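J.: Structure incoming, see below.
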Amino acid sequence: MASISQYPLPFLVHRGVVPNQVRLASGKRPKNVCCTQLFSVRSVGGRKPDDSCGKAVVTLRPVNALGPYSRFLVFEATKPHTKKTVAVKSSGSDTGFTTGRVRTTVLRLLHLVVSLGIIVFMDKLLKKAFVDAAIKFPSALFGMFCIFTILIVLDATIPEAATTLLEFFQPALLFIQRWLPLFYVPSLVILPLAVKDIPAASGLKILLIVVGGWLASLSVAGFTAIAVRKLVNTEMTPAEPMPKPSPFTSLELWIWSAIFLVSFVAAFLYPTGLGTNARTCLPFLLASTVLGYIVGSGLPAQVKSVFHPIICCTLSADLAALAYGKLSNCGLTPVLGYYLTKSSSNPGAGDLLMGFLGSVILSFAFSMFRQRKLVKRHASEIFTSVIISTLFSLYSTAFIGRLVGLEPALTVSILPRCITVALALSIVTFFEGPNPSLTAAVVVVTGLVGANFVQATLDRLGFRDPIARGIATASSAHGLGTAALSAKEPEALPFCAIAYALTGIFGSLICSLPAVRQSLLAIIGYTLKTQKNN
């Protein structure tokens, strides 16, 4: 005998609860009959149901009106004749459920737009202020320090406010994390333009420095972390769990496919339909990039180990550009120029994607705050490894570049090869005569090398400690290496994330010092005369 003291009888019947006997809690039977709520089921499909047809026979007795006692019922449930039951759904309930889902989706989308919009607006505002003030220091890095400081102060004074702020920006942070590799792609898509004036011999030298430098930086960071770990002997504790973005869905694939087809045909028929060629080509070039990334992310792990999703979306965008160039008889080169115009008044798909790079730096503040306890506990290993690895990467690149006879301007362009694209592009602005497109391409290629070979190389070098593996990966192959390693070794993700951010931060800080810049230029052989010639 079960007692229902919270729900009225109509609610119970609506939910499919079938009472056999209904009486008041006092034991008395009700007086009046409520025929609108209960009914008898004697047949299903026009015939009497039995066990063979798999339907339960339901008999409901007339129930008197319950008056003020309607919320205090006692009932006995009958056992069904078979194991199968009949589910009865209300159209009103379905409508309410659908409306609730739509409302929830709209609110989530609005939350994402607002939180992401604030971060992007803050980045653009800081960038404009720094340009107007002729400050060369990366504006996004300054913004990151400000956000991190605010979170630390709030955590010390009003912890609830810090938590609320972190939760408010969580949708934006997951969006950035989900699409992060796409923000690196434009430099690879326009790689044919970036290297067209570089001699083949110089290209081979750059490739040698990239591959050999990655291996050397990985080794230095890993061995440094292990050495410091042995000295401090800090016990490793579980890190703060890091939220993961949702996987891509088939609906997203179909939506972006439709956008690509419609916008490609529209651009072919009306080349300047949106005012300029770049703006008209933006939708289908963006859609082709996104489609390539979604498809590449869904490939089997064995395929992705040699065919990274970034390579897939780069090829997808280049093929779309090639197809449009052939059909419109304008060629590939102009279409690649439409992809990345580097003009705020006439942006292309690449400009839109790279516009999020500053927001990526601002997001570092939240990831560092989330892992602040981990940073404090393992500060010796993390900071020592990051500082030594960053210095080694910068100075070894300068030295090897001069040793192999690489042109000084090209050597300067590849100096920040182990630093994330957003900050690497800011670092090369400290120097004269660099090629920013080459800088971005070299950084991404370094990340791809790390993403494909980092795990096997770490095993060969004998790095077993998650701290050493995480720091070595992020210090040598930044975000792409981090994503590749953490997918298979989630315990190394927190150390990857911290080292990934700190390597870029320290690299930017040290290159902002005139003495460091002059020493690097002296090693490269980049004299005042060379600067004037470039």
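J.: Can you tell me which residue among Phe284, Phe268, Phe264 is in a helix (DSSP H, G or I), in contact (Cβ under 8 Å) with a residue 24 or more places away in the chain and either among the aliphatic types (A, V, I, L, M) or touching a Ser or Thr at 6+ places or on another chain (Cβ under 6 Å) (or both)?
T.: Phe284
J.: Anything in the range 106-136 that is modelled with pLDDT under 90 and surrounded by 15 or more Cβ atoms within 10 Å (Cβ to Cβ)? List them, or say none.
T.: The answer is none; no residue qualifies.
J.: Moving to a separate point now. May I ask you to list the residues in the range 519-534 that are assigned to a helix (DSSP H, G or I) and modelled with pLDDT under 90?
T.: Hits for the range 519-534 are Leu528, Lys529, Thr530, Gln531, Lys532, Asn533.
J.: While we're looking at this one, here's another question. Ala424: closer than 30 Å to Ile206 by Cβ and of a type in the set (A, V, I, L, M, F, W, C), yes or no?
T.: Taking the combined requirement at face value, the residue satisfies it.
J.: Another question about this same structure. Quick check, is Phe430 over 20 Å from the mean Cα position of the chain (by Cα), aromatic (Phe, Trp, Tyr), in the same structural domain as Val211 (by TED's automatic domain parsing) and in a helix (DSSP H, G or I)?
T.: no
J.: Given the conditions (1) at pLDDT below 90; (2) surrounded by fewer than 18 Cβ atoms within 10 Å (Cβ to Cβ), which single one is not true for Thr164?
T.: Of (1) at pLDDT below 90; (2) surrounded by fewer than 18 Cβ atoms within 10 Å (Cβ to Cβ), only one is false for Thr164: (1).
J.: Follow-up. When you scan the range 419-431, do you find a residue that is in contact with a His (Cβ under 7 Å, 6 or more places away or on another chain) and surrounded by 21 or more Cβ atoms within 10 Å (Cβ to Cβ), even just one?
T.: yes
J.: Out of the residues in the range 225-244 meeting the condition of being in a helix (DSSP H, G or I) and either under 31 Å from the mean Cα position of the chain (by Cα) or not assigned by TED's automatic domain parsing to the domain that holds Ala379 (or both), tell me which one is modelled with the lowest pLDDT.
T.: In this case the residue turns out to be Arg229.
J.: So which residues in the range 428-475 are under 30 Å from Ala522 (Cβ atoms) and of a type in the set (Ser, Thr, Tyr)?
T.: Thr429, Ser437, Thr439, Thr446, Ser475
Each row is one residue, and each column tells you yes or no for (1) over 15 Å from the mean Cα position of the chain (by Cα); (2) surrounded by fewer than 20 Cβ atoms within 10 Å (Cβ to Cβ); (3) over 29 Å from Pro271 (Cβ atoms).
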site: Ala349; (1), (2), (3): yes, no, no
site: Gly358; (1), (2), (3): no, no, yes
site: Phe366; (1), (2), (3): no, no, yes
site: Leu374; (1), (2), (3): yes, no, yes
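J.: So Val290 fits all but one of (1) more than 20 Å from Ala194 (Cβ to Cβ); (2) not in a helix (DSSP H, G or I); what number is the exception?
T.: Among (1) more than 20 Å from Ala194 (Cβ to Cβ); (2) not in a helix (DSSP H, G or I), Val290 violates only (2).
J.: When you check Leu391 against the structure, is it buried (at least 22 other Cβ atoms within 10 Å of the Cβ) and either touching a residue at least 12 places away in the same chain (Cβ under 8 Å) or among the acidic types (Asp, Glu) (or both), yes or no?
T.: No: the conditions fail for Leu391.
J.: Any idea which residue in the range 113-154 is nearest to Ala424 (Cα to Cα), counting only those that are in contact with a helix residue (DSSP H, G or I) (Cβ under 9 Å, 6 or more places away or on another chain) and not in a helix (DSSP H, G or I)?
T.: Selected residue: Pro138.
J.: Working only within the range 191-206, note down all residues that are without any contact (Cβ under 8 Å) to a residue 12 or more places away in the chain and among the hydrophobic types (A, V, I, L, M, F, W, C).
T.: Ala200, Ala201, Leu204
J.: Yes or no: Thr457 under 27 Å from the mean Cα position of the chain (by Cα) and modelled with pLDDT of 90 or more?
T.: yes
J.: Go through the range 470-518 and give me each residue that's closer than 17 Å to Ser393 by Cα and not in a helix (DSSP H, G or I).
T.: Hits for the range 470-518 are Ser512, Leu513.
J.: For the condition free of Cβ contacts under 8 Å to residues at least 60 places away in the same chain, farther than 20 Å from Val445 by Cβ, buried (at least 19 other Cβ atoms within 10 Å of the Cβ) and not acidic (Asp, Glu), what is the one hit in Val290, Val335, Val295?
T.: After ruling out the rest, the residue left standing is Val335.
J.: Which pairs have Cβ atoms under 7 Å, sit 6 or more apart or on different chains, and link a residue in the range 303-330 that is in contact (Cβ under 8 Å) with a residue 12 or more places away in the chain to one that is assigned to a loop (DSSP other than H, G, I, E, B)?
T.: Close Cβ pairs (under 7 Å, with a partner that is assigned to a loop (DSSP other than H, G, I, E, B)) amount to Ser328/Pro271.
The values are calculated or read from the model by the stated rules, or taken from the named source; none is laboratory data. Bear in mind that the values here come from a model prediction, so they are computed numbers and not experimental data. Here the Cβ is made from the backbone with ideal geometry for all residues, glycine too, and neighbour counts use every protein chain on show.
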